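Just so it is clear, none of the values below were taken in a lab; they were calculated from the coordinates. Just so we're clear, the structure is a prediction, and the values are computed from it rather than from any experiment. No Cβ is skipped: glycine too gets one built from the backbone with ideal geometry, and neighbour counts run over all protein chains shown.
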Amino acid sequence: MSRKPILEALSVAEGFLSGEELSRRLGVSRSAIWKHIVALRQEGYTIDAHTRLGYKLRSRSAFLLPEEVGPLLETERFGRDYHFYASLPSTNRTAKELARQGAAEGTVVLAEEQTEGRGRLGRGWYSPPGLGIYFTVILRPAIPLGLAPQVTLLASVAVCKALETVAGVQPSIKWPNDVLLHGKKLCGTLTELNAEMEAVNYLVVGTGINVNQGPEDFPGEVAKVATSLYATTGEKVDRARLFAALLRFFEADYKHWLSAGFERLRSEWLERAAGMGTTVRVIAGQQEWIGRAEGIDSDGALLVRDGGGELRRLISGEVSLRPEGGQGYDFGR
């Protein structure tokens, strides 16, 4: 028996519920009930135990457990197959293994902590336990390989919509994968794919959001470029609610993209774009140059006009909003 029936029974009880009553309702021994109570406590639930009265749920877990996220979901597929881990090296790594084994589209892998979180260009992503949202969604779009980069852009738009709705903030997006708040990095997305003959087999879209970290939770160099919702607003955010909203927006935008293309999402991305019309530093391969960011095209490539007046199309690379030098905001994922 799973712990879910015990949690549900305690959740609706108005007071204490005896071990005998739980045993009778669920058809298991009282010792089995106790073992499940211990396990629920380890998962972050506060449950009072009284020799004569039984058990009472005092407070729910703050972890992003299936029991906490599931009731909030308003999606058709995203998050319905939900793999929760207290700690993982990398959610993308685990998701790729599940995808190779045939996991369905919309499968989600989430970890309360990543010990080897990765970002673009091989950089690390700082993922302390219990403070952020670190997850990966498996997608199986029937699309040409060339359209895959658009998924990162639409994921960033979905993140912004969730942040605007749940936290009431106004984030911006730095091409291609960073969500900023007051100029500091709040969120990043790393999209990886498996493809054959120019067709995509699957994508894994990993996202990390800094939610309830305080300024003291960011070490050294990370503190210079990163922020969180709590560090910015001074208010803690319900992570489960934010995560459920993000999956809802992500699924809706993904379905629209598959059926209607990129144009609407391109407009929504540009509405939130950081650095458009400003001077930026571009690092692409061995080349480094200064230009003026002028938007993204219908494929999602960044358009930058160089010093000679030529409009150049950037498919990959690093863009700094601080042209005088430095790594800009492309820190981590």
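Quick notes
- Scanning residues 5 or more positions from Ile47 or on other chains, those with amide H under 5 Å from its amide H are Arg58, with H placed 1.01 Å from N in the peptide plane.
- Per-residue Cβ neighbour counts within 10 Å put Glu198, Glu294 in the sequence Glu198, Glu294, beginning with the fewest.
- Using a Förster distance of 22 Å, the FRET efficiency for Glu116-Ala223 (Cβ separation, nearest 0.05): 0.60
- Taking the C-alpha atoms only, the angle from helix 149-162 to the longest principal axis of the chain is near 50 degrees.
- Cα-based helix-to-principal-axis angle, 30-42 vs the chain, degrees rounded to 10: 30
- In order along the range 93-98, the phi-based Karplus estimate (6.51 cos²θ - 1.76 cosθ + 1.60, θ = phi - 60°) of 3J(HN,Hα) comes to 4, 5, 5, 5, 5, 5 Hz; Gly and Pro are listed as x.
- Packing here is the average count of other Cβ atoms within 10 Å per residue, and on that basis the peptides 43-55, 233-245, highest first, run 233-245, 43-55.
- Violating pairs (Cα-Cα greater than 29 angstrom) within the set Lys35/Lys236; Lys35/Lys96; Lys161/Lys224; Lys161/Lys184; Lys224/Lys255; Lys96/Lys161: Lys35/Lys236; Lys35/Lys96; Lys224/Lys255
- Nearest 10 degrees, 0 to 90: helix 239-260 Cα axis against the chain principal axis: 50
- Selected from Glu68, Glu113, Glu196 as most flexible by GNM, with the chain as the system and alpha-carbon contacts under 10 Å: Glu196
- Magnitude of the charge dipole for the range 66-271, about its Cα centre and with charges confined to Cβ atoms of Lys, Arg (+1) and Asp, Glu (-1), is about 340 debye.
- Scalar couplings 3J(HN,Hα) for the range 99-106, obtained by applying the Karplus form with A = 6.51, B = -1.76, C = 1.60 to θ = phi - 60°, are 5, 5, 8, x, 4, 6, 4, x Hz; x denotes Gly and Pro.
- Computed 3J(HN,Hα) for the range 169-177, one whole-Hz value per residue from the Karplus formula 6.51 cos²θ - 1.76 cosθ + 1.60 where θ = phi - 60°, is 9, 10, x, 10, 10, 9, 4, x, 9, glycine and proline marked x.
- Estimated at 0.36 nm per residue, the fully extended path between Glu294 and Leu258 surpasses their Cα-Cα distance by 10.4 nm.
- Approximate spin-label separation Lys56-Leu147, in nm, with each point projected 7 Å along Cα-to-Cβ: 5.7
- Distance in nm between pseudo-label sites at Ser2 and Ser29 (7 Å out along the Cβ direction from Cα): 2.4
- Close amide H pairs (under 5 Å, H built 1.01 Å from N) link Val211 with Gly132, Ile133, Leu229, residues at least 5 positions away or on another chain.
- Per-peptide packing, taken as the mean over residues of other Cβ atoms within 10 Å, places 275-287, 83-95, 180-192 in the sequence 180-192, 83-95, 275-287 from highest down.
- Unit Cα scatterers, Debye sum, the range 190-333: log10 I(q)/I(0) for q = 0.10, 0.20 Å⁻¹: -0.48, -1.39
- Over the chain: helical MRE at 222 nm, DSSP H runs n ≥ 4 each giving -39500 (n - 2.57), nearest 500: -8500 deg cm²/dmol
- Full-stretch length increase - Glu271, Arg312 - with 0.36 nm per residue and alpha-carbon distance subtracted: 12.6 nm
- As a length-normalised measure over Cα pairs under 8 Å and 6 or more apart, the relative contact order of the range 122-224 settles at 35 percent.
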